[in-house]
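Take a look at the structure set out below.
The values are calculated or read from the model by the stated rules, or taken from the named source; none is laboratory data. Because the structure is predicted, anything quoted here is derived from the model rather than measured. We place every Cβ from the backbone using ideal geometry, glycine too, and count neighbours over all the protein chains shown. Keep in mind that these areas ignore ligands, DNA and RNA; they rest on the heavy atoms of the full protein, side chains included. Shrake-Rupley method; radii C 1.70, N 1.55, O 1.52, S 1.80 Å.
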Amino acid sequence: MKKAIFVFIIAGLVIAAMLLWYFSGGFNVNWQEISMLAGLVLVISFAVILGVRRIRSIRNNQPAEDEMSKGVVKQAASTTFYISLYSWLALMFFSDKSEMETSTQMGIGIMLMAVEFALAWVYFNFFGKINE
Amino acid sequence: MPGYILTFLVRSMNNRIRELRARFGLTQDELATRVGVRRETIVFLEKGKYNPSLKLAYDVARIFEMSIEEVFFPDNGKNPV
(Lines give C-alpha, C1' and ligand atoms only; values in the text may rest on other atoms or scores of the structure.)
Protein backbone atom coordinates (compact mmCIF):
# COMPACT_ATOMS: atom_id res chain seq x y z
CA MET A 1 0.00 0.00 0.00
CA LYS A 2 2.86 2.39 0.83
CA LYS A 3 4.45 1.76 -2.55
CA ALA A 4 1.17 2.50 -4.37
CA ILE A 5 0.69 5.74 -2.42
CA PHE A 6 4.30 6.70 -3.18
CA VAL A 7 3.61 6.17 -6.90
CA PHE A 8 0.57 8.48 -6.73
CA ILE A 9 2.60 11.15 -4.91
CA ILE A 10 5.36 11.02 -7.53
CA ALA A 11 2.80 11.18 -10.36
CA GLY A 12 1.16 14.19 -8.70
CA LEU A 13 4.50 15.96 -8.35
CA VAL A 14 5.34 15.31 -12.02
CA ILE A 15 1.93 16.67 -13.10
CA ALA A 16 2.39 19.76 -10.90
CA ALA A 17 5.89 20.39 -12.29
CA MET A 18 4.60 19.94 -15.84
CA LEU A 19 1.74 22.41 -15.32
CA LEU A 20 4.10 24.91 -13.67
CA TRP A 21 6.49 24.63 -16.59
CA TYR A 22 3.77 25.23 -19.18
CA PHE A 23 2.10 28.14 -17.40
CA SER A 24 5.39 29.85 -16.56
CA GLY A 25 6.37 29.71 -20.23
CA GLY A 26 3.22 31.49 -21.37
CA PHE A 27 1.83 28.23 -22.74
CA ASN A 28 3.69 28.58 -26.04
CA VAL A 29 3.89 25.06 -27.39
CA ASN A 30 5.64 23.59 -30.38
CA TRP A 31 5.70 20.05 -31.69
CA GLN A 32 8.65 19.05 -29.53
CA GLU A 33 6.92 20.11 -26.31
CA ILE A 34 3.68 18.45 -27.37
CA SER A 35 5.48 15.16 -28.02
CA MET A 36 7.26 15.42 -24.66
CA LEU A 37 3.91 16.15 -23.02
CA ALA A 38 2.32 13.13 -24.71
CA GLY A 39 5.14 10.91 -23.51
CA LEU A 40 4.84 12.27 -19.96
CA VAL A 41 1.06 11.72 -19.97
CA LEU A 42 1.60 8.12 -21.10
CA VAL A 43 4.16 7.44 -18.38
CA ILE A 44 2.04 9.05 -15.66
CA SER A 45 -1.06 7.16 -16.81
CA PHE A 46 0.93 3.94 -16.69
CA ALA A 47 2.11 4.69 -13.15
CA VAL A 48 -1.42 5.54 -11.99
CA ILE A 49 -2.88 2.38 -13.53
CA LEU A 50 -0.23 0.30 -11.78
CA GLY A 51 -0.98 2.04 -8.48
CA VAL A 52 -4.73 1.41 -8.83
CA ARG A 53 -4.11 -2.28 -9.60
CA ARG A 54 -1.90 -2.61 -6.52
CA ILE A 55 -4.47 -1.00 -4.24
CA ARG A 56 -7.27 -3.14 -5.70
CA SER A 57 -5.26 -6.32 -5.06
CA ILE A 58 -4.42 -5.31 -1.50
CA ARG A 59 -8.07 -4.58 -0.76
CA ASN A 60 -8.99 -8.08 -1.99
CA ASN A 61 -6.46 -9.59 0.47
CA GLN A 62 -4.22 -10.54 -2.44
CA PRO A 63 -0.55 -9.67 -2.86
CA ALA A 64 0.25 -6.42 -4.67
CA GLU A 65 2.82 -8.33 -6.75
CA ASP A 66 3.04 -12.01 -7.53
CA GLU A 67 5.18 -14.25 -9.71
CA MET A 68 3.29 -13.37 -12.88
CA SER A 69 3.33 -9.60 -12.40
CA LYS A 70 7.04 -9.67 -11.56
CA GLY A 71 7.71 -11.90 -14.57
CA VAL A 72 5.80 -9.53 -16.86
CA VAL A 73 7.85 -6.56 -15.59
CA LYS A 74 11.11 -8.46 -16.12
CA GLN A 75 10.09 -9.57 -19.61
CA ALA A 76 8.97 -6.02 -20.51
CA ALA A 77 12.24 -4.58 -19.16
CA SER A 78 14.41 -7.01 -21.12
CA THR A 79 12.40 -6.39 -24.31
CA THR A 80 12.66 -2.64 -23.76
CA PHE A 81 16.42 -2.87 -23.33
CA TYR A 82 16.74 -4.83 -26.57
CA ILE A 83 14.55 -2.39 -28.55
CA SER A 84 16.16 0.68 -26.98
CA LEU A 85 19.57 -0.35 -28.34
CA TYR A 86 18.18 0.18 -31.84
CA SER A 87 16.19 3.29 -30.94
CA TRP A 88 19.30 4.95 -29.46
CA LEU A 89 21.24 4.05 -32.61
CA ALA A 90 18.50 5.58 -34.74
CA LEU A 91 18.47 8.70 -32.55
CA MET A 92 22.24 9.06 -32.90
CA PHE A 93 21.89 8.72 -36.68
CA PHE A 94 19.21 11.41 -36.86
CA SER A 95 21.09 13.69 -34.44
CA ASP A 96 23.81 14.07 -37.07
CA LYS A 97 21.20 15.21 -39.59
CA SER A 98 19.38 17.64 -37.27
CA GLU A 99 20.30 20.65 -35.13
CA MET A 100 18.79 19.38 -31.91
CA GLU A 101 20.60 20.12 -28.68
CA THR A 102 22.25 17.23 -26.90
CA SER A 103 20.01 17.63 -23.85
CA THR A 104 16.92 17.46 -26.07
CA GLN A 105 18.19 14.32 -27.76
CA MET A 106 18.86 12.68 -24.42
CA GLY A 107 15.40 13.65 -23.20
CA ILE A 108 13.84 12.15 -26.31
CA GLY A 109 15.90 8.98 -25.90
CA ILE A 110 14.87 8.55 -22.27
CA MET A 111 11.24 9.28 -23.08
CA LEU A 112 11.38 6.73 -25.90
CA MET A 113 12.64 4.10 -23.47
CA ALA A 114 9.79 4.88 -21.07
CA VAL A 115 7.24 4.61 -23.87
CA GLU A 116 8.78 1.36 -25.09
CA PHE A 117 8.58 -0.09 -21.59
CA ALA A 118 4.94 0.95 -21.21
CA LEU A 119 4.01 -0.62 -24.55
CA ALA A 120 5.96 -3.80 -23.80
CA TRP A 121 4.29 -4.09 -20.39
CA VAL A 122 0.84 -3.65 -21.95
CA TYR A 123 1.66 -6.28 -24.57
CA PHE A 124 2.83 -8.94 -22.11
CA ASN A 125 0.08 -8.09 -19.64
CA PHE A 126 -2.66 -8.60 -22.20
CA PHE A 127 -1.24 -11.36 -24.35
CA GLY A 128 0.34 -13.33 -21.55
CA LYS A 129 3.79 -14.63 -20.82
CA ILE A 130 4.54 -18.25 -21.56
CA ASN A 131 7.54 -19.33 -19.50
CA GLU A 132 10.02 -20.78 -22.01
CA MET B 1 4.54 -39.62 -30.51
CA PRO B 2 7.28 -40.72 -28.09
CA GLY B 3 7.20 -38.95 -24.75
CA TYR B 4 10.78 -37.73 -24.92
CA ILE B 5 10.10 -35.96 -28.23
CA LEU B 6 6.89 -34.47 -26.83
CA THR B 7 8.89 -33.02 -23.94
CA PHE B 8 10.91 -30.86 -26.31
CA LEU B 9 7.81 -29.72 -28.23
CA VAL B 10 5.76 -28.52 -25.24
CA ARG B 11 5.58 -24.72 -25.26
CA SER B 12 2.59 -24.14 -23.03
CA MET B 13 0.57 -26.01 -20.49
CA ASN B 14 -3.14 -26.58 -20.38
CA ASN B 15 -5.14 -27.12 -17.21
CA ARG B 16 -8.47 -27.98 -15.65
CA ILE B 17 -8.56 -25.09 -13.23
CA ARG B 18 -11.84 -23.64 -14.48
CA GLU B 19 -13.56 -27.04 -14.32
CA LEU B 20 -12.17 -27.83 -10.87
CA ARG B 21 -12.96 -24.35 -9.59
CA ALA B 22 -16.61 -24.86 -10.54
CA ARG B 23 -16.61 -28.28 -8.91
CA PHE B 24 -15.23 -26.90 -5.65
CA GLY B 25 -17.43 -23.80 -5.78
CA LEU B 26 -14.53 -21.33 -5.81
CA THR B 27 -14.43 -17.98 -7.55
CA GLN B 28 -11.26 -16.75 -9.21
CA ASP B 29 -10.80 -14.28 -6.35
CA GLU B 30 -11.13 -16.99 -3.71
CA LEU B 31 -8.70 -19.32 -5.45
CA ALA B 32 -6.23 -16.47 -5.94
CA THR B 33 -6.41 -15.53 -2.25
CA ARG B 34 -5.92 -19.15 -1.17
CA VAL B 35 -2.81 -19.72 -3.28
CA GLY B 36 -1.41 -16.25 -2.61
CA VAL B 37 -1.51 -14.71 -6.07
CA ARG B 38 -3.50 -11.97 -7.80
CA ARG B 39 -6.79 -12.71 -9.54
CA GLU B 40 -5.27 -11.79 -12.89
CA THR B 41 -2.78 -14.66 -12.51
CA ILE B 42 -5.64 -17.16 -12.12
CA VAL B 43 -7.37 -15.63 -15.17
CA PHE B 44 -4.20 -16.03 -17.25
CA LEU B 45 -3.66 -19.58 -15.98
CA GLU B 46 -7.16 -20.60 -17.04
CA LYS B 47 -6.72 -19.06 -20.47
CA GLY B 48 -3.37 -20.81 -20.92
CA LYS B 49 -1.54 -17.50 -21.28
CA TYR B 50 0.79 -18.19 -18.38
CA ASN B 51 2.70 -21.27 -17.25
CA PRO B 52 2.86 -21.43 -13.45
CA SER B 53 5.97 -21.98 -11.43
CA LEU B 54 6.36 -25.37 -9.75
CA LYS B 55 5.37 -23.89 -6.39
CA LEU B 56 2.21 -22.27 -7.77
CA ALA B 57 1.26 -25.44 -9.65
CA TYR B 58 1.75 -27.44 -6.44
CA ASP B 59 -0.31 -24.94 -4.38
CA VAL B 60 -3.17 -24.98 -6.91
CA ALA B 61 -3.17 -28.78 -7.09
CA ARG B 62 -3.17 -29.00 -3.29
CA ILE B 63 -6.28 -26.77 -3.11
CA PHE B 64 -8.08 -29.21 -5.42
CA GLU B 65 -6.68 -32.21 -3.49
CA MET B 66 -5.10 -33.61 -6.62
CA SER B 67 -1.63 -34.19 -8.03
CA ILE B 68 -0.03 -31.63 -10.34
CA GLU B 69 -0.40 -33.97 -13.32
CA GLU B 70 -4.14 -34.23 -12.73
CA VAL B 71 -4.54 -30.45 -12.90
CA PHE B 72 -1.91 -29.40 -15.46
CA PHE B 73 -1.05 -31.21 -18.68
CA PRO B 74 0.88 -30.37 -21.86
CA ASP B 75 -0.97 -28.43 -24.53
CA ASN B 76 -1.11 -31.22 -27.08
CA GLY B 77 -4.90 -31.44 -27.04
CA LYS B 78 -5.00 -34.56 -24.89
CA ASN B 79 -6.24 -34.50 -21.33
CA PRO B 80 -4.53 -37.44 -19.65
CA VAL B 81 -7.28 -37.74 -17.00
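Summary of values
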item: Relative contact order (percent, whole number), chain A, Cα cutoff 8 Å, 6+ residue spacing; result: 32 percent
item: Solvent-accessible ranking of A:ASP96, B:ASP29, largest area first, probe 1.4 Å; result: A:ASP96, B:ASP29
item: Dipole magnitude (debye, nearest 20) for chain A, charges at Cβ of Lys, Arg, Asp, Glu; result: 680 debye
item: Carbon/sulfur fraction of accessible area - the protein assembly as shown, other protein chains in place, 1.4 Å, %; result: 65 percent
item: Alpha-carbon spread of the stretch A:1-56, three principal axes, descending order, Å; result: 39, 18, 11
item: Average other protein chain Cβ within 10 Å of Cβ, residues B:35-45; result: 6
item: Shielding score for A:61-67, defined as the mean number of other chain Cβ atoms within 10 Å; result: 6
item: Among A:ILE49, A:THR102, A:ILE83 the positive-end extreme of the charge dipole of the protein assembly as shown (Cβ point charges); result: A:ILE49
item: Buried accessible area, chains A and B (both chains, 1.4 Å probe, Å² to nearest 100); result: 1700 Å²
item: Volume of the Cα convex hull of the stretch A:64-132, divided per residue and given in Å³; result: 86 Å³
item: Globularity ratio of the protein assembly as shown, using Cα Rg and 2.2 N^0.38 Å; result: 1.33
item: Highest average packing first - B:63-69, B:51-57, Cβ atoms within 10 Å; result: B:51-57, B:63-69
item: Volume per residue that the Cα convex hull of the stretch A:17-122 spans, once the total is divided by residue count, Å³; result: 107 Å³
item: Net dipole in debye of the stretch A:58-116 [+1 Lys, Arg Cβ; -1 Asp, Glu Cβ; about Cα centre; nearest 20]; result: 160 debye
item: Kyte-Doolittle at least 1.6, axis length at least 20 Å by Cα - qualifying DSSP helices, chain A; result: A:2-24
item: Heavy-atom surface of the protein assembly as shown, accessible at 1.4 Å and reported per residue (Å²); result: 64 Å²
